[in-house]
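Contents: one structure, followed by commentary.
The values are calculated or read from the model by the stated rules, or taken from the named source; none is laboratory data. Nothing here was measured: the structure is a model prediction, and the numbers come from that model. Cβ atoms come from the backbone with ideal geometry, glycine included; neighbour counts cover every protein chain shown.
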Protein chains: 2
Amino acid sequence: MTDSGQDNMADDLTQLSACDAAAAIASRAITARALAEAYLARIAQRDAAVRAWTYLDAAQVLAAADAADAAPMDGRGPLHGVPVGIKDIIYTKDMPTSFNSPHFQDYFPNIDAASVAMLRDAGAIIMGKLDTVEFAVNGRRAATKNPHDPSRTPGGSSSGSAAAVADAQVPLSLGTQTGGSVIRPASYCGAWAMKPTWNAVSHEGFKVCAASFDTLGWYGRSAADLALLADVFGIADDAASAIDTLHGLRIAFCPSPVWDRAEPATQQAIKTTIAALTAAGATVDTLTLPTAFDGLTAAHGVIMQSEMRSAFRAEYLAIGDALYPELVDIMRNTAGQTRADLLKAQNLAAQCRAAFDTLAAPYDAVLTPSTPGTAPLGPQNTGAATFNRIWTLLHMPCVNIPGLTAADGLPIGVTLTGPRFSDRKILQVAALLGPKLSPPPV
Amino acid sequence: MTDSGQDNMADDLTQLSACDAAAAIASRAITARALAEAYLARIAQRDAAVRAWTYLDAAQVLAAADAADAAPMDGRGPLHGVPVGIKDIIYTKDMPTSFNSPHFQDYFPNIDAASVAMLRDAGAIIMGKLDTVEFAVNGRRAATKNPHDPSRTPGGSSSGSAAAVADAQVPLSLGTQTGGSVIRPASYCGAWAMKPTWNAVSHEGFKVCAASFDTLGWYGRSAADLALLADVFGIADDAASAIDTLHGLRIAFCPSPVWDRAEPATQQAIKTTIAALTAAGATVDTLTLPTAFDGLTAAHGVIMQSEMRSAFRAEYLAIGDALYPELVDIMRNTAGQTRADLLKAQNLAAQCRAAFDTLAAPYDAVLTPSTPGTAPLGPQNTGAATFNRIWTLLHMPCVNIPGLTAADGLPIGVTLTGPRFSDRKILQVAALLGPKLSPPPV
């Protein structure tokens, strides 16, 4: 790409990965303004079909791009001039944050979330806000459509974040995950996405849902793009891995306790991935989790809802039953969850975290489904977090690898996970596996 | 109190507990304005000596009090017209939040923390912001003096929050605890204080330090005041206790693994408390913790510092080595802590949480020191969180009971703790024990 002149590239700047775009700006092959204009043009063309954005001010974006172009070359950060979209539950000091809630349409915290501050420090252009399921939980759905089929959901809750990156409307975006809100939309939309180990990145400045689970995640055009943001956010394993081939790697396939929820598309995706790994010289063992792990899905539900009663109490006191009905039910604890239930679930989660670290330690990565199948018909149904909740509860890092297409013509992803704080190692394996699953460029 | 006329009470409105003040306003015995004026007068008289406040605007407070007085009686909340002071790391939409950092003197998030929003919903008057150790950790000390002896520290990090309540400058205040930042200053200043079970109250909207530990806490004039705020924040045990006498209660004295750090003042305070309990007909057993608990103090340090590297990364990227030296050391990880160290510490913490819940279950409350001794000479030395860190790490609820005076003439508190989510039960025991430790009113 860096061999091309700016005029040549202008036609397809939206096809650059974030890494390539950053390199092109750094080498002066393109300007931040040209890149921003390309994305704004793409959005203008596609927004009516995809509806990913809740806030986008072209003049604001272009002013930021011009400021980036005017900045001295010295001291530029790794994302200098690269646009990033932000899920609309994450605070941005110069844009509103609505949570896609009818009660917060005029909400405008004048501070940046820690993640957004780190992006700005790295030179990123904050492109705008991306639609989300209400409060990143339930209630109002995002207006966003799946870019591959407007009758399908993009998944939730980071609906706009996944769709915008998958549709080349922005090269990078931020999402959040408390159940499956980063990985599920990535699978449905066909995007690269990463949910790091819990609390490896500050959650400060996005709406708290369940403090034990809430995790910032991000979307990009490639594994290298995910790694670029991992650098910005300071993600580091204890020991740096230098994995440059799949040959000889030990991979575990973990069906997880909910494998019976895998539809044919997911069964096929796992089968194809295992075949690709084996063909590349990796060994693939099956890792069956102990029966204690069978309780994790229920434990996730108990912890999430119990913690939501703390997290949303202020909103419930202010807004009451005008909040959406599922949230009101949780606030009223119609399920009758006790503190003892919560502690039992927390104790099980802690025990299984330690156990999984040990079980997964012999492997270079663990393969598991991203979603039960491809994107269901939307918009009310945003799909299921069935295969994500366990890993979110366990705090394990997860990467969604896109590239596969199911029999129905829709994208489907697979997840690589592993022990806590093996984030970089998993990214390296994902970077090697990704091209084996993607069709060759046309 | 409700028998007295307003004129009679005006002289000593600052001596009312929050509960009595709320009741007096509700019965129209006093006005919110009269109460606010009394506290403003007290502050004007005492501020030069105590220096608890970082932000206080008398006109703003009186306007809020007048609005409270003008509000219809119908629909008033339980704190209607009662002033509450806020630690200056907690966001208030109409007041700055400086973290007592030289880098954030003009910081003014325009949103309320969840805790502040709940206070406003209950009708509280937000009185102003209270001084803190920088970022509630280390670095710059609060300007606050111990109200009992200006040469002594009020303790940290919630220095102003404890001192202001102990000095009758406000009836209630909010603090936060990641190590011992609520309970330690309460012991040194002679104030009632509560740190509830972790995540029973939303931490949204105060500076994150260590997400696994950060807990909102509060100060009041009595156990009933602490319970009043517990109501507002929705603190509930699974089963309501109705403890109306100490007689027959089973109390454990837990020396904790750091008992060798107890100075004579603390040894005497525990001895006096055990004698009071026994005299009242309670049985007091000694609860010696298993040896696994010996590692908790070190585990607390590893988790806190590791999580601070996530929590302060944005600030470190922006400000760099101009942050205070101890924080820079943590950001650079000069201690060489690994992710493996963090996981080992997290696993130990989780194991001991479950174990302590079981060990403490047979008791109505667990007695343990609040501080190694009385307040040391300040201002640089803010005392030690030695006896608090274990309980913060374990997520257990803690109440500091004031009233005792050590041989040096300074206040010293004792802590009641217990299993997770036994907050209300502990408060009930504390309410009965408190009067046994306090000197009779003059």
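With the requirement that a residue be aliphatic (A, V, I, L, M), closer than 20 Å to B:Gln169 by Cα and within 14 Å of chain A (Cβ to nearest Cβ), what does segment B:96-125 give you?
Selection gives B:Val116, B:Leu119, B:Ala124.
Do we find a residue being away from every other protein chain (no Cβ under 11 Å) and at pLDDT below 95 anywhere in segment B:360-378?
yes
Just name the residue that is nearest to A:Phe356 (Cα to Cα) out of those in segment A:391-435 that are without any contact (Cβ under 8 Å) to a residue 60 or more places away in the chain and touching a helix residue (DSSP H, G or I) at 6+ places or on another chain (Cβ under 6 Å).
Checked segment A:391-435; the qualifying residue nearest to A:Phe356 (Cα to Cα) is A:Gly418.
With respect to B:Gln346, determine if the residue is surrounded by fewer than 22 Cβ atoms within 10 Å (Cβ to Cβ), under 26 Å from A:Ala240 (Cα atoms) and touching a residue at least 12 places away in the same chain (Cβ under 8 Å).
no
Looking only at segment A:335-353, decide whether some residue is touching a His at 6+ places or on another chain (Cβ under 7 Å) and at the interface with chain B (Cβ under 10 Å from one of its Cβ atoms).
yes
Among the residues of segment B:308-343, how many are over 25 Å from A:Ala122 (Cβ atoms) and surrounded by fewer than 17 Cβ atoms within 10 Å (Cβ to Cβ)?
The number of residues fulfilling the criteria is 6.
Which of the numbered conditions does B:Val61 fail, given that it passes all the others? Conditions: (1) within 13 Å of chain A (Cβ to nearest Cβ); (2) among the β-branched types (Val, Ile, Thr); (3) surrounded by fewer than 24 Cβ atoms within 10 Å (Cβ to Cβ); (4) part of a helix (DSSP H, G or I).
(1)
With the checklist (1) buried (at least 24 other Cβ atoms within 10 Å of the Cβ); (2) in contact with a strand residue (DSSP E or B) (Cβ under 7 Å, 6 or more places away or on another chain) in hand, flag the one item B:His148 doesn't pass.
(1)
Identify, by number, the condition in (1) within 14 Å of chain B (Cβ to nearest Cβ); (2) farther than 23 Å from A:Val429 by Cβ that A:Val201 doesn't meet.
In the conditions (1) within 14 Å of chain B (Cβ to nearest Cβ); (2) farther than 23 Å from A:Val429 by Cβ, A:Val201 misses (2) alone.
Going through A:Thr278, A:Thr272 one at a time, which residue ends up being loosely packed, with under 14 Cβ neighbours inside 10 Å and either in contact with a strand residue (DSSP E or B) (Cβ under 8 Å, 6 or more places away or on another chain) or modelled with pLDDT under 95 (or both)?
Of A:Thr278, A:Thr272, the one residue that is loosely packed, with under 14 Cβ neighbours inside 10 Å and either in contact with a strand residue (DSSP E or B) (Cβ under 8 Å, 6 or more places away or on another chain) or modelled with pLDDT under 95 (or both) is A:Thr278.
Looking only at residues that are of a type in the set (Phe, Trp, Tyr) and within 27 Å of the chain's Cα centre (by Cα) in segment A:312-334, which one is nearest to the other protein chains (Cβ to nearest Cβ)?
A:Phe312
Count, please, the residues in segment B:202-229 that happen to be within 20 Å of B:Ile125 (Cβ to Cβ), surrounded by 24 or more Cβ atoms within 10 Å (Cβ to Cβ) and among the aliphatic types (A, V, I, L, M).
3
Report the residue count in segment B:1-31 for those that are modelled with pLDDT of 95 or more and in a helix (DSSP H, G or I).
12
Only one of (1) crowded, with 16+ Cβ neighbours inside 10 Å; (2) closer than 25 Å to A:Ser222 by Cα; (3) at pLDDT 95 or above fails for A:Ile111. Which number is that?
Evaluating A:Ile111 over (1) crowded, with 16+ Cβ neighbours inside 10 Å; (2) closer than 25 Å to A:Ser222 by Cα; (3) at pLDDT 95 or above leaves (2) as the failure.
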